[in-house]
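The next block holds one structure in the form of structure tokens; read it before the comments.
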Amino acid sequence: MNVLVTGGAGYIGSVAVEALLNDGHSVTVFDNLSRGHRAAVDPRARFVHGDLCDVVSLENAFAGERYDAVMHFAAFALVGESMQRPEIYFRNNVEGGLNLIEAMRAHGVRRIVFSSTCATYGLPERVPMDENLPQRPANPYGESKLMLETILRWYERLHGFQPVFLRYFNACGATARYGEDHDPETHLIPNILRVALGQADAVPVFGNDYETPDGTCIRDYIHILDLAQAHILAMRSTATGAFNLGNGNGFSVMEVIEAARAVTGHPIPIRFEARRPGDPPRLVAAAARAREILGWKPQKADLRAIIADAWNWHRAHPRGYAG
Ligand code: UDP
């Protein structure tokens with residue numbers, strides 16, 4: 001298939017691009033490089049430097065191509081930042097997303113696999129979380145993703161779009177070539193590995209008084225290669241609607257640190273800090289729908305194996321894509 005991948009220079013997008021190319025698809029990456037890296041774009045892909053908020057550059061990505069599908073990763077994705085600067089989330093994620101789907105409509109492309117998030121649910125009523133939970137986002141990031149889901153549902157009804165919403169839990173891990181390089185880095189596993197690399201003294205643990213067995217937050221960590229596979233399966237299928245993507249196993253912050261100690265052999269000191277605003281205590285996926293309808297089977301569910309892949313990438317790229 002001929003696929004347009006927005007945000008293909010970012011963490012999850014870069015790995016999806018690599019997997020698509022390995023699978024024999026043609027790929028155009030569209031990215032403004034505001035948070036992604038040119039070096040993260042697989043050299044086998046065509047690259048268009050452009051911004052979703054600039055319709056002229058978007059037109060350049062569509063001109064002369066007949067795409068079978070779009071994978072839409074490009075977005076701002078930090079909960080904390082979205083509470084400080086909601087306007088950039090609504091502009092980039094919602095307005096930019098609308099520009100993209102209008103360009104799709106103009107060019108007759110109707111299949112879109114959209115990177116959504118478990119943050120669209122807000123504080124869940126029950127865990128593990130299936131797709132029928134009410135969506136009540138607790139921050140502008142989750143709201144911006146839900147807004148684009150809603151717009152896409154209308155495009156499904158009115159314009160024959162075939163949207164799939166992949167609601168990720170905690171993306172992590174790496175391939176040999178592509179890994180996680182954010183500035184500033186806010187995610188748990190890279191922050192832990194920074195300590196193991198000697199680039200920081202201790203990992204801040206945000207809150208140890210949650211109602212969980214060890215008092216720290218529980219998350220469902222899913223390897224980006226498994227996420228990439230889910231995108232390819234979703235693109236190929238005729239299914240529409242939402243799929244939660246996680247392993248269904250919850251690990252606390254302390255359990256992740258313990259696993260990283262085992263993988264790296266480093267003592268990884270910690271420092272307890274205040275809770276991070278907006279962090280729900282427990283987010284774990286029920287991903288039966290993705291298994292049953294898409295035939296998705298995560299291959300890299302073991303937390304230590306996930307951390308080992310991330311560790312290998314960070315050791316090979318101690319300054320991220322800068323070196
Ligand atoms: N966390 C932490 N220290 C860090 C980074 C994250 O204790 O340096 C915690 C965070 O509060 C949350 C969990 O680790 O409970 C996962 O956070 P991350 O930012 O990786 O992903 P999120 O769940 O926010 O998408």
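Quick notes
- Of the GluC sites (Glu not before Pro) found in the stretch 206-283, the ones in coil according to DSSP and having at most 15 other Cβ atoms within 10 Å of their Cβ are E211.
- For the stretch 36-114 versus the stretch 187-227, the gap between their alpha-carbon centres in whole angstrom: 29
- Using the Cβ-Cβ distance between R136 and D201 with R0 = 41 Å, the FRET efficiency computed as 1/(1 + (r/R0)^6) comes to roughly 0.60.
- GluC sites (Glu not before Pro) restricted to DSSP loop in the stretch 123-157 with at most 15 other C-beta within 10 Å: E125
- Computed from phi, the 3J(HN,Hα) profile of the stretch 111-123 under the Karplus parametrisation 6.51, -1.76, 1.60 (θ = phi - 60°) reads 8, 9, 9, 9, 6, 9, 8, 5, 5, 6, 7, x, 7 Hz, with x in place of Gly and Pro.
- Packing-based ranking of 96-103, 291-298, 11-18, 194-201 yields 11-18, 96-103, 291-298, 194-201, ordered from highest to lowest mean Cβ neighbour count within 10 Å.
- Potential lengthening between C53 and A305 on full extension [0.36 nm per residue; Cα-Cα distance subtracted]: 86.9 nm
- Mean separation of Cα contacts under 8 Å, 6 or more apart, over the residue count of the stretch 242-315: relative contact order %: 51
- Cα centroid separation, the stretch 248-323 to the stretch 147-184 (Å): 19
- Mean sequence separation of contacting Cα pairs (under 8 Å, at least six apart), scaled by the length of the chain, corresponds to a relative contact order of 18 percent.
- Computed over the stretch 82-175: relative contact order in percent, which uses C-alpha pairs under 8 Å that are six or more apart: 37
Every number here is computed from the coordinates shown, using simple stated rules; none is lab data. From a predicted model like this one, the values you see are computed outputs, not experimental measurements. As a convention, Cβ positions derive from the backbone with ideal geometry for all residues, glycine included, and neighbour counts pool all protein chains shown.
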